[in-house]
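The values are calculated or read from the model by the stated rules, or taken from the named source; none is laboratory data. As the structure is a computational prediction, the values presented were derived from the model and not from experiment. Virtual Cβ from ideal backbone geometry, glycine too; neighbours counted across all protein chains shown. Ligands, DNA and RNA are stripped out before the accessible areas are found, and what is left, the full protein with its side chains, is counted by its heavy atoms. Shrake-Rupley method; radii C 1.70, N 1.55, O 1.52, S 1.80 Å.
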Amino acid sequence: MKSVVENLLRARTGPMTTELVRHPSAHGLGLPQVPSRLTPVSTTRSICGFCSTGCSLNVHLDADGQAINLSPDPSYPVNLGMACPKGWEALTPLAATDRLKTPLLRNPSTGRLEPVSWEVALGAFVQNFKAVQRTHGPHSLSFLSTGQIVMEEMALLGALAKFGMGMLHVDSNTRQCMATSHVAYKQSFGFDAPPFSYADFEESDALIFIGANPCIAHPIMWQRVMMNPRNPEIVVIDPRRTETAVAATHHVPLRPKSDLTLLYGLAHLLIARGAVKREFIDAHTKNYEAFASFVDAFTPERVATETGLPVETLHRVVEIIATKERVSFWWTMGVNQGHESTRTAQAIINLALMTGNIGRPGTGANSITGQCNAMGSRLFGNASSLLGGYDFGKDSDRAHVAAILGIDSERIPSGKSWAYDQIMDGIDSGAIKGLWVIATNTAHSWINQKRFPDLRRKLEFMVVQDMYATTETAQMADLVLPAAGWGEKEGVFINSERRLGVSRKVSRAPGQALSDFAIFTLVAEAWGCGDLFRKWESPEAAFRLLRELSRGQPCNFTGIEGYDHIQREGGIQWPYPASRKSETASNSPIPPQSQRRLFSDGQFFTADKRAVFHFDEPRPMAEPPDSAYPFLLNTGRGSSAQWHTGSRTNKSDVLRKLAPVSLYVEINPADASRLGIANNDDVVVSSRRGDAPAFAVVTSTVQPGQLFMPMHFDAVNRLTFPSFDPHSRQPSYKACAVRIARTSKRHDA
Ligand SMILES: Nc1nc2c(c(=O)[nH]1)N[C@H]1C(S)=C(S)[C@@H](COP(=O)(O)OP(=O)(O)OC[C@H]3O[C@@H](n4cnc5c(=O)[nH]c(N)nc54)[C@H](O)[C@@H]3O)O[C@H]1N2
Ligand SMILES: Nc1nc2c(c(=O)[nH]1)N[C@H]1C(S)=C(S)[C@@H](COP(=O)(O)OP(=O)(O)OC[C@H]3O[C@@H](n4cnc5c(=O)[nH]c(N)nc54)[C@H](O)[C@@H]3O)O[C@H]1N2
Ligand code: SF4
Ligand SMILES: [Mo]
């Protein structure tokens, strides 16, 4: 073990990256003269590690291959030379003073986390987790991971945990984020397949955004909307008058969580107008007749009453959908984080199907992804579906995957994994006794966060693997493993439009921090199952295994040669089967299409190639406001400079200046004056679960009776109510009952 660790640590000082463009001189870059230590001698391209847009950054390196600074890549088909503040500042969090440099183990006598060697850390990991499994059974161990590590790392983790360590119940923060889209697409299209390409932002005649605030959350996608030359109608369906709503041509401020009723009402009116594409429906879908008679009950009057929207607004939106040639529908967390989110996402899909707005330029039922590699975790997380989108429950799928990985198929469990909330309940009931948390900050971001300290006490051993030991979750761990972050390792991210892009090593991780890939390799050795993973000898070797797993699947990317090929093409969207490569990669003067959408032939991924209409009666939200808790609390992204729980973005002086430094709550002026609350006053927001001190921002962007708080401060999830969509088990973060009271005047924010 000692020599494996030594080799890995030594390897960290090796060459940084393989794909470099050498500069003849700094002048060639048009950069100002700088001291020689800071003179870039080469540039490499790397995909940003924050959001799912997947912008390419040109990272400028010194003679040692160490990043000096970066600029957005003008030649990349995604961002066309643009980046948001987080992208520009991507290198800064790597140099933060609280970076973890060694493993930390809690000393039982002092109760403190203290530095230890990797050998000691791995010993503690194996000894404690094996003891848990011996006492409580193999399934008493779980992991919670992320959509923010590269595809090769998440696949190795999933394989190691399930095939090597015998875990069954594993999940990730993608459950909080994309589980709904995953299930909705799988049921409607036969595979988790967002159909669009970013070119669709520019090619639509009408864009309908539902529960999405791209101005803040996906600013570069929004820039693509702004580049649309067709003078499009832009409809934003959001209870809040967001930055995106202000920039749109129409804002539809519906009552929170009334989307399902609204979308069925729109379908009703489209049918009444005769604005459906019968030919497309008959040739390419099924279950339409039942859907059409179901939405008969959603009359404009009923829908207006339940959504709080005037009937004229419904007619206006229907007019746009019915008369525009190319209509695209886009949704994000305002849909996915709801108590009936899967059916809501499918109601959007139904609108696209019934109007034939799919498979053509500027159309589609399009879920925008969240984290840089949420799409990779949907394909290769090995949680609810088997690596590559296969089915744990099918003998033939398990045998197929086992053959490619070179392992015994008996090692692949046939059982179903619990979802995130069920794992948490499993800790409560004593079924789960050991937890490994990788690249997520559960103690801040989980909807039932208030319960977490108690659950933590029920765990016999908890390991956190992060870049920092200062996160809320790491501080509660028994063992903290120091991870290299974005920019300190290599691998592939898949962005929202199914584009594979390569993230490169441009900086050395501090101290003894190792890439997650290297940590998983070490764990496999220490656990005694290293032999199962001999084929996974490097991230690129792992990529080749994943490529082979994709063969014959809708996500087939067997035409990709390797990392350099991806980079040469400006990223490659799946599917990219080997047959496509031979069409395009030869001496053809035509470059492979850099933008591709799915379903242009009307063939979906279901057994009969037809897309399916799914629907259900709307249900009331779990915790509506009442006399004791009269406000409805909405939560989400507050600014383009803040990323989730802040463990990375808070490390940048630049980003900190672009956003409030403490928790605030947005309240409508009518409510504020009734309660005697003025701008900047200190207030406390309370729910049945907890309190959150904040300062008030009085603004008419929120409707009366509603409040909005940004998720970037941990007190917010003390308030949220744990309700879950029954199909996706995604939490409903955006609706719970609260009250608000002033505590003192004038916060000096
Ligand atoms: N700057 C920044 N960018 C990010 C992130 C970040 O943390 N910071 N996170 C990334 C991730 S992981 C994700 S998932 C995405 C999220 O991206 P978005 O989903 O766009 O962001 P949110 O603010 O969570 O929610 C979007 C909108 O849903 C609205 N909403 C709330 N309830 C309802 C409802 O009942 N109906 C409707 N129609 N709308 C409703 C909210 O008012 C909000 O404006 O952003 C990604 N990009
Ligand atoms: N109230 C409310 N809560 C929400 C939401 C909401 O809208 N409202 N949104 C939900 C959504 S959509 C999401 S996606 C989640 C996000 O919630 P989290 O996943 O908890 O948030 P992050 O801050 O991104 O946490 C990622 C952690 O990984 C670490 N990290 C970064 N890179 C690496 C790496 O390469 N390796 C390792 N080992 N660690 C790394 C970071 O330091 C950080 O601590 O929050 C959810 N919670
Ligand atoms: S939009 Fe997303 S991918 Fe692009 S620079 Fe910003 S955070 Fe990075
Ligand atoms: Mo997310």
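A few points about this structure:
- Checking Ala283 against (1) under 30 Å from Gln371 (Cα atoms); (2) assigned to a helix (DSSP H, G or I), the condition it does not meet: (1)
- Within segment 540-556, the set of residues being open to solvent by less than 30 Å² (accessible area, probe 1.4 Å) and assigned to a helix (DSSP H, G or I) comprises Ala541, Ala542, Phe543, Leu545, Leu546, Leu549, Ser550.
- Residue in segment 149-160 that is in a strand (DSSP E or B), of a type outside the set (Asp, Glu) and crowded, with 24+ Cβ neighbours inside 10 Å present: no
- Taking segment 308-323 as the range and being in contact with a Ser or Thr (Cβ under 8 Å, 6 or more places away or on another chain) and in a loop (DSSP other than H, G, I, E, B) as the test, only Gly308 passes.
- Residue satisfying condition, being modelled with pLDDT of 95 or more, closer than 15 Å to Met354 by Cβ and open to solvent by less than 70 Å² (accessible area, probe 1.4 Å), within set Thr285, Thr307, Thr299, Thr313: Thr285
- Annotation note: Cβ proximity below 7 Å between a residue of segment 141-157 that is within 14 Å of Asn173 (Cα to Cα) and a residue that is of a type in the set (Phe, Trp, Tyr) and within 16 Å of ligand 4 (Cβ to nearest atom) (sequence gap 6+ or interchain) occurs for Leu144/Tyr420.
- Asp421 meets the conditions (1) under 29 Å from Lys130 (Cα atoms); (2) in contact (Cβ under 8 Å) with a residue 40 or more places away in the chain; (3) in a loop (DSSP other than H, G, I, E, B) in every case but one. The failed one is (3).
- Qualifying position, being open to solvent by less than 10 Å² (accessible area, probe 1.4 Å) and over 28 Å from Gly530 (Cβ atoms), among Ile432, Ile427, Ile412: Ile427
- Meets criteria (of a type in the set (Asp, Glu) and within 16 Å of ligand 2 (Cβ to nearest atom)) for Glu114: no
- Among the residues making up segment 332-377, those that are within 16 Å of ligand 2 (Cβ to nearest atom) and part of a loop (DSSP other than H, G, I, E, B) are Thr332, Gln337, Gly338, His339, Ile368, Thr369, Gly370, Cys372, Asn373.
- Residues considered: Ser582, Ser594. Of these, the only one that is assigned to a loop (DSSP other than H, G, I, E, B), open to solvent by 30 Å² or more (accessible area, probe 1.4 Å), outside the structural domain of Leu80 (by TED's automatic domain parsing) and modelled with pLDDT under 95 is Ser594.
- In segment 316-336, the residues that are surrounded by fewer than 24 Cβ atoms within 10 Å (Cβ to Cβ) and farther than 12 Å from Leu262 by Cβ: Arg316, Glu319, Ile320, Ala322, Thr323, Lys324, Glu325, Arg326
- Residue in segment 229-243 that is under 30 Å from Gln706 (Cα atoms), within 16 Å of ligand 4 (Cβ to nearest atom) and open to solvent by less than 10 Å² (accessible area, probe 1.4 Å) present: no
- Residues considered: Tyr390, Tyr420. Of these, the only one that is of a type in the set (Phe, Trp, Tyr), more than 16 Å from ligand 2 (Cβ to nearest atom) and crowded, with 17+ Cβ neighbours inside 10 Å is Tyr390.
- Here the helices (runs of 4 or more DSSP H) wholly within segment 634-749 that include at least 1 residues being more than 19 Å from Ala212 (Cα to Cα) and acidic (Asp, Glu) are 653-657, 669-675.
- Test: Gly87 is modelled with pLDDT under 95 and of a type in the set (Gly, Ala, Ser): no
- The residues listed here are Glu537, Glu569; of these, the one that is at pLDDT 95 or above and either open to solvent by 50 Å² or more (accessible area, probe 1.4 Å) or within 16 Å of ligand 1 (Cβ to nearest atom) (or both) is Glu537.
- For the residues Ser732, Ser728, the requirement of being in contact with a His (Cβ under 6 Å, 6 or more places away or on another chain), within 16 Å of ligand 4 (Cβ to nearest atom) and either at pLDDT 95 or above or on the phi > 0 side of the Ramachandran plot (or both) singles out Ser732.
- Residue match in segment 80-103 (condition: open to solvent by 20 Å² or more (accessible area, probe 1.4 Å), away from ligand 3 (no atom under 16 Å from the Cβ) and within 28 Å of Val170 (Cα to Cα)): yes
- When segment 522-534 is filtered for residues that are open to solvent by 10 Å² or more (accessible area, probe 1.4 Å) and either among the polar types (S, T, N, Q) or in a helix (DSSP H, G or I) (or both), the ones remaining, listed by number, are Glu525, Ala526, Trp527, Asp531, Leu532, Phe533.
- The set of residues in segment 96-129 that are in a helix (DSSP H, G or I) and in contact (Cβ under 8 Å) with a residue 24 or more places away in the chain comprises Trp118, Glu119, Ala121, Leu122, Gly123, Ala124, Phe125, Val126, Asn128, Phe129.
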